Amino acid sequence: MTDTGINRGLLSDQVYDLILTSILDGTRAPGSRVVESEIARQLSISQAPVREAVKRLVHAGLVVSVPRHGSYVTEISAEEFAIARQMRASIEAAGARLAVTAATATDLARLRAIVARMEKVVASGDWAAFRKLDVEFHRSVIASTGVSVLARLWDTLEPMLISQRAIGDPSYLGDRAQVVRWHADLIDAVVSGDPEVAAAAFAAHASGDLGTDRSSS
């Protein structure tokens, strides 16, 4: 394999996606070690692109690097996670409240397209892809508000939510199609015209308080 700068970049992107997928589908649990030499050996490549990919994951907050000990999938305590989830509910409620008037027809079409894609991956059982779409959905709602501080707050929380399986939790054992319908309901809440209805719907979704047997999504 030619080890040019361009090829390293392409390989780094692929390795990044592979490691990210393993975090999203639960193969790499929070706190598990990310061993660069092991990944390089499994992929039959040099460690350089793996190192670059891991650095990107650290920068994204999905992996933490501990000097002289190695790199690990981000893990937070139960107390920190409880706070993060409360913050998520607050941020999403604020975003939904604003999205009622700020979201354009293009924004709503994007959200509906994401839900349609979620339906397809539920049918295929690709839970890593499902979680990526789930993240994309919620990020898109926040982005539709045009409020940069909300986007920055979401960007801070997102890695923790992903690494702790707090978005599109693969351990959810109920009707997975129902998870998709919940997201369709969130779009309906945005188009309801009532900011408080939208805020309440998103806060309930973020906290898992939907009055039914489910884990987080």
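Are there any pairs, at least 6 apart or on different chains, whose C-beta atoms fall under 8 Å, with the first in the range 145-164 and closer than 19 Å to VAL34 by Cβ and the second open to solvent by 40 Å² or more (accessible area, probe 1.4 Å) and at pLDDT 90 or above, and if so, which?
GLU158/ARG139
Quick one: which residue in ILE76, ILE45, ILE91 is closer than 30 Å to VAL190 by Cβ and not in a helix (DSSP H, G or I)?
ILE76
Is it the case that some residue within the range 54-65 is at pLDDT 95 or above, more than 26 Å from GLU196 (Cα to Cα) and open to solvent by less than 40 Å² (accessible area, probe 1.4 Å)?
yes
For the range 138-171, which residues satisfy the criterion of being modelled with pLDDT under 75, crowded, with 18+ Cβ neighbours inside 10 Å and of a type outside the set (Val, Ile, Thr)?
The initial filter retains those residues of the range 138-171 that are modelled with pLDDT under 75, namely 163-171.
Okay, now just the ones that are also crowded, with 18+ Cβ neighbours inside 10 Å, so 163-169.
Residues satisfying the conditions are SER163, GLN164, ARG165, ALA166, GLY168, ASP169.
Name the pairs whose Cβ atoms lie under 6 Å apart, with the first residue in the range 64-81 and farther than 16 Å from ARG51 by Cβ, the second part of a loop (DSSP other than H, G, I, E, B), and 6 or more positions between them or separate chains?
Note: pairs meeting the criteria are VAL73/ARG28; VAL73/PRO30; VAL73/SER32; THR74/LEU62; GLU75/PRO30; GLU75/GLY31; PHE81/GLN164.
Restricting the search to the range 106-118, which residues are closer than 15 Å to TRP182 by Cα and either buried (at least 16 other Cβ atoms within 10 Å of the Cβ) or aliphatic (A, V, I, L, M) (or both)?
Scanning the range 106-118 gives LEU111, ALA113, ILE114, VAL115, ALA116, ARG117, MET118.
I'd like to check something: does the range 175-182 contain any residue that is buried (at least 21 other Cβ atoms within 10 Å of the Cβ), among the charged types (D, E, K, R) and under 20 Å from SER207 (Cβ atoms)?
No.
Give the residue, chosen from VAL100, VAL63, that is over 16 Å from ILE23 (Cβ atoms) and touching a helix residue (DSSP H, G or I) at 6+ places or on another chain (Cβ under 8 Å).
Exactly one residue qualifies, and that residue is VAL100.
The values are calculated or read from the model by the stated rules, or taken from the named source; none is laboratory data. This one's a predicted model, so the numbers in the text were calculated from it and none came from an experiment. In this analysis, Cβ positions are derived from the backbone assuming ideal geometry, glycine residues included, and neighbour counts consider all displayed protein chains. Only protein heavy atoms, including side chains, enter the accessible area calculation; ligands, DNA and RNA are left aside. Shrake-Rupley method; radii C 1.70, N 1.55, O 1.52, S 1.80 Å.
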